[in-house]
1. Starting from the Cα-Cα distance between His480 and Glu381, subtract it from 0.36 nm times their residue separation and give me the gain in nm to one decimal.
2. Against the longest alpha carbon principal axis of the chain, how many degrees, from 0 to 90 and to the nearest 10, is the axis of helix 136-147 turned?
3. For Lys264, which lysines qualify as cross-link partners when the Cα separation must be under 24 Å and same-chain residues fewer than eight apart are set aside?
4. For a paramagnetic label modelled at 7 Å from the Cα of Leu198 toward its Cβ, which residues of segment 325-346 fall within the zone defined by backbone nitrogen distances under 14 Å?
5. Around Val415, which amide H atoms from residues at least 5 apart in sequence, or from another chain, sit under 5 Å from its own amide H, with H modelled in the peptide plane?
6. Hey, rough spin-label estimate for Gln309 and Tyr370, points 7 angstrom out along Cα→Cβ, what's it come to in nanometres?
7. With a cut-off of at most 14 other beta carbons within 10 Å, and DSSP calling the residue loop, which trypsin sites (Lys or Arg not before Pro) in segment 340-372 qualify? Please list them.
8. Residues of segment 322-338 with the amide nitrogen closer than 20 Å to a label point 7 Å from the Cα of Lys223, along Cα-to-Cβ, please.
Amino acid sequence: MKLKLPYSSQNWVSLIGATIALITLFMIIFLFVITAFSAQGRSYLGLVTYIILPVFLIIGLLLIPIGMYLKIRRDKKKNIIPSKGWPQINLNDIRHRNAFFIFTIGTTIFLFLSAVGSYEAFNFTESVTFCGTICHTVMKPEYIAYQNSPHARVACVECHVGSGASWYVRSKLSGLYQVYAVTLGEYPKPIPTPITNLRPARETCEECHWPQKFYSRSLRTEKHYLADETNSEWDIILTMKIGSSLSALGLQEGIHWHINPDVKIEYKASDERRQVIPWVRYTNLKTGEVTIFEDEDNKLEKSKLDSLQTRVMDCMDCHNRPSHDYKPPAFFINNAITAGNVPKELPQIKAQAMEILGKQFTTTDSAMQYISNSINQFYKENYPEIYSTKKYLVDKAINGIQDEFKKNIFPEMKVKWDAYPNNIGHIEFMGCFRCHNGTHSSQNGKLISKDCRLCHDITAQGPPDKLETAPINGSLEFKHPTDIDQAWKEMACVECHTGLNP
């Protein structure tokens with residue numbers, strides 16, 4: 001039986017719209033079923049199912065009434081039908097009745113699917129898969145670093161957006177420009193850290209970490225390998241003074257004193273990346289005591305200082321790379337050797353890895369090839385016996401270096417350890433020494449101390465077989481693995497340590 005519909009629906013525009021809507025609807029249902037049972041390719045299927053196809057569905061549905069309106073308007077001009085006022089709905093007319101039921105049932109189904117689709121679209125655009133894999137090349141460094149971070153099970157939006165509708169809307173508006181930039185390829189390499197518009201740490205980080213919580217001191221063991229023939233080991237064991245020695249003292253001392261609720265630390269940075277800090281203000285909220293420190297080696301005129309933003313110090317001023325930390329080669333090769341992924345028994349493997357990883361590469365593939373060729377050539381020419389009898393060690397070293405490279409260096413996006421400062425510590429970047437450099441002083445003679453023991457005590461150091469240890473509750477003076485006399489006291493670590501030093 002032929003379905004009777006109003007004559008106005010009998011036009012090509014409405015027919016095309018209905019066809020588009022029906023085909024799109026079936027595609028959405030089909031892809032929804034596919035994504036429900038398959039994990040492969042879910043990111044791109046989700047993009048098509050919840051964002052792209054609904055647009056075509058809506059376009060198709062809009063074409064139906066548009067076609068009907070155009071047909072009525074055209075027929076009125078040709079006097080094919082009388083000119084009437086508002087459209088009439090007569091349920092006694094089978095054509096009107098059919099159209100009414102189709103519209104009512106269709107609208108109900110559409111609203112139901114819209115509710116489900118909107119919910120799924122919201123969840124999809126808030127997912128780690130969406131953030132990390134849709135713009136594959138652009139976000140690849142951030143996504144891989146995130147997967148190897150302590151926050152690997154925390155969704156991206158928990159930190160980058162947080163709770164609340166206003167920040168959700170703000171993030172989506174920002175995302176529109178990002179889509180435009182990626183589509184046209186107009187994005188910087190590397191992607192700059194959005195340091196100026198990040199949400200305050202108290203609204204994101206402190207949803208899980210909070211200042212009032214006591215964090216006890218922790219023992220940290222670092223194993224280094226020197227760039228000599230035997231890859232000599234050098235251990236250093238530190239007691240990190242994260243909090244006070246006694247829990248009853250709370251945050252009265254230790255690294256986390258900076259976020260003591262009774263203390264407010266403010267600063268001004270003279271550069272966009274907040275690496276140069278010429279001015280610091282300390283306020284004791286209990287007593288009202290205020291002390292201002294200025295860097296004597298980088299003193300700015302009052303007019304210049306007044307023009308700089310005053311920022312209240314929070315977690316992100318030190319923990320600025322909590323999930324996207326690209327390790328320097330000296331660090332990740334040490335770890336690879338310790339884990340056995342790069343054989344320590346291969347002579348000079350640490351030195352060779354550092355020399356190779358200091359090169360500039362344009363693509364990951366070219367880097368992989370260069371690592372393989374260089375390591376093979378070096379041992380073939382300098383250690384032919386090892387190369388012929390223990391080639392498996394050479395191959396293992398190549399694979400280990402390549403794997404670590406792919407986790408930390410991304411030539412296509414010009415991302416590596418020195419692209420983004422890491423403010424934890426003070427080896428490859430100024431970090432703590434941005435303020436604790438011994439030159440920030442107040443008018444009454446107070447100084448922001450450079451004493452390393454404010455943050456940690458060295459309890460043991462040296463080669464494993466000749467480890468120098470401190471007495472109980474004691475501390476050792478730092479000893480540099482290579483003899484540089486007392487230069488380490490007078491220089492900043494970053495003056496020598498570029499990420500490629502042992």
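The numbers here are math on the coordinates, done by the rules we state, and not lab data. Here the structure is a predicted model, which means the values were calculated and not measured. Ideal geometry is used to build each Cβ from the backbone, glycine not excepted, and the neighbour counts take in all protein chains shown.
1. On the way: separation 99, 0.36 × 99 = 35.64 nm, distance 3.27 nm.
Extra length available between His480 and Glu381 comes to 32.4 nm.
2. Here the helix axis deviates by roughly 50 degrees.
3. Here the lysines satisfying the reach criterion relative to Lys264 are Lys213, Lys241, Lys286, Lys299, Lys302, Lys304, Lys446, Lys450.
4. 325-326
5. Phe410
6. Between Gln309 and Tyr370, the simple spin-label model gives 3.7 nm.
7. Numbers: sites: Lys344, Lys350, Lys359; in loops: Lys344, Lys359.
Passing sites in segment 340-372 are Lys359.
8. 327-338
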